[in-house]
Amino acid sequence: MLKRIETALMTMERPSQFFVSLAMQERAPLAALYDLIGVEQNHKYHPEGDAFVHTMMVVDEAAAVRDQAERPFAFMLAALTHDLGKKPSTKFNEEKGTWQAIGHERTGRGIVRRMLNTLGADEETVDYCVNMCAMHMRVHTCFYGKAGTKATNRLFRESVCPQDLVLLSLCDSRGKGTPTEDTIPEETYITDRLKKYMASCAAREDGGETHADI
């Protein structure tokens, strides 16, 4: 099963077609993915529909940039699994009148690990995807909270692969049917911060001084 998933994720222009058309009797190892069908989202941020629709859009966006990833297959698996925590975390906020999935990035870690272990993914790939799941919302939080360089540098240090985390966050923002007004500013913000972080890392390796953490 994992090999078929790899083929779809790594060769198809729209891997979502594979997962949408997968026969019902073959879905068991991916039960956590299909549990996202019907899971409501905040329509302000997710006009595209439920969490499964969003995930499929993110996977297709990821396919367009997978060649830029440090670890392409693991990156594609991360796109597939990044929101698995939305099923148990989604609740309706009566006061705000909208659906919320607060903490889904934390809830999803164990779900991601169990599903990928069931599929037979290697430990390094599983750890990568768990880390990506845990970290992806912090990119958005940094942007909306106008976090400084210290915060984004901390984010990148905790990431198993900062370059791929940024790619995933871009795909997450784009996977909404139509871009929101914040999509381009967020992309500019996080890619600029990544460049500064990588430059500071290079400076440290060269023994130079950097003010990137100011």
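Only the coordinates and a few stated rules stand behind these numbers; no lab work does. Note that this is a predicted model, so its numbers are computed, not measured. Ideal geometry is used to build each Cβ from the backbone, glycine not excepted, and the neighbour counts take in all protein chains shown.
In the structure shown, the pairs K86/K146; K86/K150; K91/K196; K87/K195; K44/K196; K44/K87 are assessed against 27 Å; a Cα-Cα span above that value is assigned to K86/K150; K91/K196; K87/K195; K44/K196.
When only the Cβ of Lys, Arg, Asp and Glu is charged (+1, +1, -1, -1), the dipole of the chain relative to its Cα centre reaches about 400 debye. Across the range 2-205, C-alpha contacts under 8 Å between residues 6 or more apart give a mean separation that, scaled by the residue count, equals a relative contact order of 21 percent. Scanning the chain for DSSP H helices at least 20 Å long along the axis (C-alpha atoms) with a Kyte-Doolittle mean no lower than 0.0 picks out 51-65, 123-144. Based on the convex hull around the alpha carbon atoms, the range 39-175 presents an average projected area of 8.2 nm².
Name the residue from H82, V39, A69 whose Cα lies farthest towards the positive end of the charge dipole of the chain, charges +1 on Cβ of Lys and Arg and -1 on Cβ of Asp and Glu. Most positive-ward Cα: V39. Sorting L36, L77 from the fewest to the most surrounding beta carbons within 10 angstrom yields L36, L77.
Spin-label pair R4-A64: with each label point 7 Å from Cα along the Cα-Cβ axis, the two points sit 2.8 nm from one another.
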